[in-house]
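For reference, the structure is listed below as structure tokens.
The values are calculated or read from the model by the stated rules, or taken from the named source; none is laboratory data. The structure presented is a predicted model; accordingly, all values stated were derived computationally and were not measured. Ideal geometry is used to build each Cβ from the backbone, glycine not excepted, and the neighbour counts take in all protein chains shown.
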Amino acid sequence: MDVVARPLDALNKARNKRVLVELKGGKQYIGNLISFDIHINTVLENAEEREGGEVKRQLGTVFIRGDTITIISPQ
Amino acid sequence: MDVVARPLDALNKARNKRVLVELKGGKQYIGNLISFDIHINTVLENAEEREGGEVKRQLGTVFIRGDTITIISPQ
Amino acid sequence: MDVVARPLDALNKARNKRVLVELKGGKQYIGNLISFDIHINTVLENAEEREGGEVKRQLGTVFIRGDTITIISPQ
Amino acid sequence: MDVVARPLDALNKARNKRVLVELKGGKQYIGNLISFDIHINTVLENAEEREGGEVKRQLGTVFIRGDTITIISPQ
Amino acid sequence: MDVVARPLDALNKARNKRVLVELKGGKQYIGNLISFDIHINTVLENAEEREGGEVKRQLGTVFIRGDTITIISPQ
Amino acid sequence: MDVVARPLDALNKARNKRVLVELKGGKQYIGNLISFDIHINTVLENAEEREGGEVKRQLGTVFIRGDTITIISPQ
Amino acid sequence: MDVVARPLDALNKARNKRVLVELKGGKQYIGNLISFDIHINTVLENAEEREGGEVKRQLGTVFIRGDTITIISPQ
């Protein structure tokens, strides 16, 4: 019954791996995917923020509210 | 009872096929449709991002949050 | 009890007929209404996209996320 | 128990009468109110679209998604 | 248990009185508060619309969708 | 079980005290916090509206719809 | 069963510590994280507001509505 792939499976596979998270306003966060929930609230570690391709800040741990996210892509 | 067509049927038919996904901000993702859920959260593989008709990035796997999507169209 | 008209009745009557769907961003899709659900997620076939009155693209089948839609009007 | 007036009562009274519907983006639809639901999804018949006071289009039947509506006013 | 004041109490007190309703887009409606519900959908009678301090229109009865409202203030 | 602090505790402590409420559009309301609910719908009394630091209006009682609020801070 | 990390765990670890909270409109609040809930409504104490890197205001206690938040990062 559960053999059909579901979107959160792709996030589960990316746990503890480096991912890119993009927000509605254009900001990008790249870090290790520690956790996420059904709202797509997401926590990254060793995260950095980029904007327009440039690194803006080192953030360590960052909690990102799901409803601000457009895409998550394993790097 | 289930003979009336439902919108997710169209997405089910497009599984493992090439689809175009457009976002509210104008970005386009083209890739193989791996999975989606009732929120229209969607995962593509072998995905590329286009903006204004031009390929911007190769993304491999990309999770797209449903509420940022406007249309999905099989290619 | 069900004699009071409900909004989805109007969409049911338009099944398999040509409809115009307009989105919040101003885009228009014209196609045959195949299906819709309570979120107003909608699938058109033989669809074309118009913007500012001009045909921009032939899309074949298109899934339109309900929350991006402003109006649907049978043609 | 139901003697307190509720907002949908005002829409019920306007059924089959001419109403003005305004949308967040500024568009106006004027037509006969056929139906509405708790999301304020609304169907008008003999509808015309106005923008900036001018008639833009005759639409016949139009389904308007509730979350795009700001006001409805009987004419 | 119900002795703690709740926000809708303030609207209940204003029933049948003149209130100002402001919308996200800046429009103002002033009229007699006839009804409201938990979504803050609101009906005014003898309503007028103002924008930038000026009266724009006499509207009679107006149904205002709750999610477009920012404040309601008894006059 | 309830020993962990919750956000609404902070609002409860501010009841009947002077608070600043800021809205998404930048407006500020300062008044006595009379009531709030889980949607953060909020009622102030003896309220004044400020914009860009300046007092714009005396409002007496004002109901503020929760989803338009960004912050509430006791003064 | 609960061994998988969840996003709110990261916020729990940051309780009583200094965090940065960023809002959709660009504002930043830095303060001690006192409480949060599942909507990510958040209370900070000893908070200051920054905009464009500059301290704008000392706020003491501030309640931040969850749906306006983009990220929370322990400092």
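Identify, please: which residue in segment B:36-75 is over 14 Å from A:S73 (Cβ atoms) and hydrophobic (A, V, I, L, M, F, W, C) and is, among those, modelled with the lowest pLDDT?
Filtering segment B:36-75 for residues that are over 14 Å from A:S73 (Cβ atoms) and hydrophobic (A, V, I, L, M, F, W, C), the one modelled with the lowest pLDDT comes out as B:V55.
Give the residue that is surrounded by the fewest Cβ atoms within 10 Å (Cβ to Cβ), with candidates limited to residues of segment C:51-75 that are more than 7 Å from chain B (Cβ to nearest Cβ) and in contact (Cβ under 8 Å) with a residue 40 or more places away in the chain. My answer is C:Q75.
So, E:L8, is that one among the aliphatic types (A, V, I, L, M) and under 19 Å from F:L33 (Cα atoms) or not? Yes: the conditions hold for E:L8.
Can you name the residue in segment F:24-37 that is of a type outside the set (F, W, Y) and at the interface with another protein chain (Cβ under 9 Å from one of its Cβ atoms) and, of all such residues, is surrounded by the fewest Cβ atoms within 10 Å (Cβ to Cβ)? So that I can check it myself, show each step before the final result.
Filtering segment F:24-37 for residues of a type outside the set (F, W, Y) gives F:24-28, F:30-35, F:37.
Those left that are additionally at the interface with another protein chain (Cβ under 9 Å from one of its Cβ atoms): F:24-27, F:34-35, F:37.
On the way: F:K24: 17, F:G25: 14, F:G26: 11, F:K27: 18, F:I34: 21, F:S35: 19, F:D37: 15.
Across segment F:24-37, the extreme among qualifying residues is F:G26.
Within the option set A:V43, A:V21, being β-branched (V, I, T), at the interface with another protein chain (Cβ under 10 Å from one of its Cβ atoms), surrounded by 14 or more Cβ atoms within 10 Å (Cβ to Cβ) and over 20 Å from B:D37 (Cα atoms) holds for one residue only, A:V43.
Tell me, which strands (runs of 3 or more DSSP E) lie completely within chain E with 2 or more residues that are under 24 Å from F:E45 (Cβ atoms) and in contact with a helix residue (DSSP H, G or I) (Cβ under 6 Å, 6 or more places away or on another chain)? Step through it out loud before you land on a result.
Details: elements: E:18-23, E:28-36, E:42-51, E:54-64, E:69-74.
Answer list for chain E: E:28-36.
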